[in-house]
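Enquirer: Just passing along the structure, written as structure tokens.
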Amino acid sequence: MRAFAIVAGELVLMVAWWSVATRRRDLWSTIPPILAVLGITAALLAPDASPRVSDGRALMVGVATGIGLFVATRIFVAVAIHWRPFARHVIDAYREAAEEPFVRSLVLSLLVSVPSEEFFFRGLTQRTLAETSLAAGWAAGVTLVLYVLANLPSRSLPIVAGAIVGGAVWGAVAWWSGGIIAPLASHVAWTGLMLVLPPRVGNVEPVG
């Protein structure tokens, strides 16, 4: 049942992102509801967590890594924005974000999409794989690959780059902590800061 849910969820999310990328469906009315279903499914099916650190320590480390990832993202965007394809994709992402009221986008992101992604990928998927012949580290690596593949159909360089780097960080802290609190706190902190303090994209001269 868990394997079926993981494969089905992966495929549904890929199709959803493809429909958004090809302009057949709206981002905000498509991705959050699908992630919500995947998150609820994951919460019901995920193996029990085996925390190796206290909840308080997991929370602090999660928030710290989220802030660190945000700073690293700002630095990366400041450099990559001068590459024309990346700049175009960032501007497109900002345009899509602007189409949704800020408070609603904040709620949908922090209370729906982010928790659902963490429950599905770092909860259900990573824990299920860790119970197979794969070691916990390999389970985190395979989960990262699946996470990137799920976001690849978005055809958005910022989204895919965020999935690669963010997925690696969240998978690592989930592996370290043995629970969902650290990756969830990290993901929420990063996403919240990215929404409230988005990297600047104006006044640049893209090249390439």
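The values are calculated or read from the model by the stated rules, or taken from the named source; none is laboratory data. In this text, all values refer to a predicted model and were calculated from it rather than measured experimentally. Using ideal geometry, Cβ is built from the backbone for each residue, glycine included, and neighbour counts are taken over all protein chains shown.
Enquirer: Only one residue in Val142, Val169 is surrounded by fewer than 18 Cβ atoms within 10 Å (Cβ to Cβ), out of contact with any strand residue (DSSP E or B) (no Cβ under 8 Å at 6 or more places or on another chain) and touching a residue at least 12 places away in the same chain (Cβ under 8 Å). Which one?
Expert: Residue meeting the stated conditions: Val142.
Enquirer: Considering Thr22, Thr30, which residue is touching a residue at least 12 places away in the same chain (Cβ under 8 Å) and hydroxyl-bearing (Ser, Thr, Tyr)?
Expert: Just a single option satisfies the conditions, and that option is Thr30.
Enquirer: Residues that are over 19 Å from Leu110 (Cα atoms) and modelled with pLDDT of 90 or more, at least 2 per element: which helices (runs of 4 or more DSSP H) completely within the range 131-208 meet that?
Expert: 136-151, 157-177
Enquirer: I'd like the full set of residues that are of a type in the set (A, V, I, L, M, F, W, C) and surrounded by 15 or more Cβ atoms within 10 Å (Cβ to Cβ), limited to the range 94-116.
Expert: Passing the criteria: Ala97, Leu106, Leu108, Leu110, Val112, Val114.
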